[in-house]
Amino acid sequence: MAVTQTPLPYAQDALAPHMSARTFEFHYGKHHKAYVDNTNAAIKGTPLENATLEAIVKSALESKNQKLFNNAAQAWNHDFFWHSLTPKAAAPSGRLAEWIQRDLGGLDKLKETFKAEAVGHFASGWAWLVVKDGKLAVTSFHDADTPLAHPGVTPLLTCDVWEHAYYIDYQNARASFLDAFLANLANWQGAGERLAKVA
């Protein structure tokens, strides 16, 4: 079974005006699709042809197949990103809110730290809210790197800081994109559900 592109959990215009349907046309319809298509082309006729996307990423990492890793990891990261967004943003609650206060100094401080990490990340990559060593942490990974490549790191929320994620709507203003993400789009409920599975 080939890797399939995960359907979006909302309509392509559901995040407007913060993220436009035009952005999704390119980001989801072209960039993400290309990573999925390239992964399928690379695994066709191999033992990985029927593997899960997560297993493909880990196998590519172990075998040092950088081309396969780049495409499979980007496909996985994008799946995670779409679910890190929501048209019905609400503040963190429950255990996630408690951990944000305990580990990161509260929601305002988390947003400040996350924005600084994302905006300060040089070139392409991903900003992440993760669980590491039993605590919340903010980090970023370059290019296609992913939490799947880092044992002991559990992802809760991510923001894509590749330029194609925001250029149509924000041009080169990555900071404005992060402001919109943190104020209007971040799926804290989904992050809380992921945290509940590991803590």
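The values are calculated or read from the model by the stated rules, or taken from the named source; none is laboratory data. Just so it is clear, the structure is predicted and the values come from calculations on it, not from any experiment. Note that each Cβ is placed from the backbone with ideal geometry, even for glycine, and that neighbours are counted across all protein chains shown.
Here is a yes/no grid of residues against (1) surrounded by fewer than 24 Cβ atoms within 10 Å (Cβ to Cβ); (2) out of contact with any helix residue (DSSP H, G or I) (no Cβ under 9 Å at 6 or more places or on another chain):
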position: Gly45; (1), (2): yes, yes
position: Val57; (1), (2): no, no
position: Leu61; (1), (2): yes, no
position: Phe69; (1), (2): no, no
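Take the range 161-195 and flag every residue that is among the aromatic types (Phe, Trp, Tyr) and within 21 Å of Ala21 (Cβ to Cβ). First the steps, then the outcome.
Residues of the range 161-195 that are among the aromatic types (Phe, Trp, Tyr), as a first pass: 162, 166-167, 170, 177, 181, 188.
Those that are among the aromatic types (Phe, Trp, Tyr) and within 21 Å of Ala21 (Cβ to Cβ): Trp162, Tyr166, Tyr167, Tyr170, Phe177, Phe181.
So which pairs qualify, if the first residue must be in the range 155-183 and not assigned by TED's automatic domain parsing to the domain that holds Leu107, the second must be surrounded by fewer than 19 Cβ atoms within 10 Å (Cβ to Cβ), the Cβ gap must be under 9 Å, and the two must be at least 6 apart or on different chains?
Cβ pairs passing all conditions: none.
Conditions tested, residue by residue: (1) in contact with a Ser or Thr (Cβ under 9 Å, 6 or more places away or on another chain); (2) farther than 22 Å from Tyr28 by Cβ.
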{"site": "Asp108", "(1), (2)": "no, yes"}
{"site": "Glu112", "(1), (2)": "no, yes"}
{"site": "Trp126", "(1), (2)": "yes, no"}
{"site": "Asn172", "(1), (2)": "no, no"}
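Evaluate the range 112-126: report whether one residue or more is within 12 Å of the chain's Cα centre (by Cα) and on the phi > 0 side of the Ramachandran plot.
yes
Hey, among Ala91, Ala118, Ala144, Ala73, which residue is touching a helix residue (DSSP H, G or I) at 6+ places or on another chain (Cβ under 7 Å), surrounded by fewer than 16 Cβ atoms within 10 Å (Cβ to Cβ) and touching a residue at least 60 places away in the same chain (Cβ under 8 Å)? It would help to see each step written out before you state the result.
Values: Ala118 fails: surrounded by fewer than 16 Cβ atoms within 10 Å (Cβ to Cβ); Ala144 fails: surrounded by fewer than 16 Cβ atoms within 10 Å (Cβ to Cβ); Ala73 fails: surrounded by fewer than 16 Cβ atoms within 10 Å (Cβ to Cβ).
From the options Ala91, Ala118, Ala144, Ala73, the qualifying one is Ala91.
Looking only at helices (runs of 4 or more DSSP H) that fall completely inside the range 19-83, which ones have 1 or more residues that are under 30 Å from Ala183 (Cα atoms) and in contact with a strand residue (DSSP E or B) (Cβ under 8 Å, 6 or more places away or on another chain)?
In the range 19-83, the matching helices (runs of 4 or more DSSP H) lie at 66-82.
How many residues does the range 94-110 contain that are of a type outside the set (A, V, I, L, M) and surrounded by 19 or more Cβ atoms within 10 Å (Cβ to Cβ)?
Kept after step one, since they are of a type outside the set (A, V, I, L, M), are these residues of the range 94-110: 94-95, 98-99, 101-103, 105-106, 108-109.
If we keep only those that are surrounded by 19 or more Cβ atoms within 10 Å (Cβ to Cβ) as well, we get 99.
Total satisfying the criteria: 1.
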